[in-house]
1. Is it true that some residue in region 131-144 is among the β-branched types (Val, Ile, Thr), more than 16 Å from the chain's Cα centre (by Cα) and not in a loop (DSSP other than H, G, I, E, B)?
2. With GLY93, GLY53 as the choices, which residue is at pLDDT 95 or above, small (Gly, Ala, Ser) and in a loop (DSSP other than H, G, I, E, B)?
3. Applying the selection to region 127-148, what residues are over 24 Å from PRO205 (Cβ atoms), in contact (Cβ under 8 Å) with a residue 60 or more places away in the chain and surrounded by fewer than 20 Cβ atoms within 10 Å (Cβ to Cβ)?
4. Which numbered condition in (1) within 20 Å of ILE165 (Cβ to Cβ); (2) touching a residue at least 24 places away in the same chain (Cβ under 8 Å); (3) out of contact with any helix residue (DSSP H, G or I) (no Cβ under 7 Å at 6 or more places or on another chain) is the only one that SER121 fails?
5. Determine which member of the set LEU114, LEU126 is more than 14 Å from the chain's Cα centre (by Cα), at pLDDT 95 or above and within 16 Å of the ligand (Cβ to nearest atom).
6. Taking the options GLU39, GLU81, name whichever one is surrounded by fewer than 19 Cβ atoms within 10 Å (Cβ to Cβ), in contact (Cβ under 8 Å) with a residue 24 or more places away in the chain and either away from the ligand (no atom under 14 Å from the Cβ) or closer than 18 Å to ALA107 by Cβ (or both).
7. For region 201-209, does any single residue satisfy the condition of being touching a Leu at 6+ places or on another chain (Cβ under 7 Å), surrounded by 14 or more Cβ atoms within 10 Å (Cβ to Cβ), in a helix (DSSP H, G or I) and at pLDDT 95 or above?
8. Quick check: anything in region 117-137 closer than 20 Å to THR211 by Cβ, touching a Pro at 6+ places or on another chain (Cβ under 9 Å) and not small (Gly, Ala, Ser)?
Amino acid sequence: MKVSTTPRGSLIVFEGCDRSGKTTQCAKLVESLQAQGEEVKLMKFPDRTTTIGTLINNYLQMSQELDDRVVHLLFSANRWEAIESMKKTLKAGTTLIVDRYAFSGIAYSAAKGLDLEWCRSPDIGLIKPDKVIYLSVNEQIMSERANYGNERYEKIDFQKRVHNIFLQLQEPYWQNVSADGSIDVIHKEINTIVSETIRDSKVKPLLKLWT
Ligand code: FDM
């Protein structure tokens with residue numbers, strides 16, 4: 001059997017409610033890791049560029065109605081269709097910075113009232129992240145940022161429910177980062193966490209989520 005000697009990349013996932021600054025922080029992180037000489041790639045779920053992603057996009061933009069369970073399974077399928085290429089990328093030594101993953105899948109669907117364990121099941125067996133960075137916005141700031149956009153879930157009460165479910169999903173490989181400070185201070189904190197994670201996961205095997 002051929003054993004790979006290339007140190008693998010890390011799977012770093014960002015989670016949080018809408019407007020928690022994930023997208024900004026992901027972009028800044030990628031830039032600084034590249035400047036440090038790391039091989040790194042940015043990904044985002046949902047990936048709206050695929051056929052499944054187009055259905056999800058239409059749903060989010062309110063141009064199509066879908067049953068809650070159907071859309072939940074589409075979000076999951078949208079991750080499964082990326083999994084082989086993610087595995088290849090990680091094994092080739094490239095770190096993946098991923099803006100939302102299976103935890104968003106559960107939090108948003110369970111916030112609509114679907115059973116949490118039912119929501120988890122289609123994502124069992126995806127690649128387990130080496131680190132989940134949860135950007136948490138306190139309720140006061142969440143309310144101040146209440147001018148959400150026009151997509152389906154962008155409502156303050158819904159976001160609070162989502163946040164509470166995210167808290168239930170936390171596991172030891174999660175790290176909470178307060179999203180209430182300045183962009184640069186948050187970035188510095190994230191950069192330290194991620195640099196350590198990349199260093200520590202180089203020779204660890206890739207594991208499966210929730211198995
Ligand atoms: N979302 C995202 C879900 O409902 N399920 C999922 O599995 C994922 C990945 O889609 F409101 C929701 C979260 C958000 C919306 O996300 C689109 P972005 O990050 O705003 O594109």
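The values are calculated or read from the model by the stated rules, or taken from the named source; none is laboratory data. A quick note: this is a predicted structure, and the numbers were derived from the prediction, not measured. All Cβ positions, glycine included, derive from the backbone under ideal geometry; neighbour counts span all protein chains shown.
1. yes
2. Values: GLY53 fails: in a loop (DSSP other than H, G, I, E, B).
Residue meeting the stated conditions: GLY93.
3. SER136, ARG145, TYR148
4. Just one mismatch for SER121, condition (2).
5. Working: LEU126 fails: more than 14 Å from the chain's Cα centre (by Cα).
Answer to the selection: LEU114.
6. On the way: GLU81 fails: either away from the ligand (no atom under 14 Å from the Cβ) or closer than 18 Å to ALA107 by Cβ (or both).
From the options GLU39, GLU81, the qualifying one is GLU39.
7. Scanning region 201-209 turns up no residue that is touching a Leu at 6+ places or on another chain (Cβ under 7 Å), surrounded by 14 or more Cβ atoms within 10 Å (Cβ to Cβ), in a helix (DSSP H, G or I) and at pLDDT 95 or above.
8. Taking region 117-137 first, the residues closer than 20 Å to THR211 by Cβ are 117-132.
From what's left, touching a Pro at 6+ places or on another chain (Cβ under 9 Å): none.
No, there is no match, as no residue in region 117-137 is closer than 20 Å to THR211 by Cβ, touching a Pro at 6+ places or on another chain (Cβ under 9 Å) and not small (Gly, Ala, Ser).
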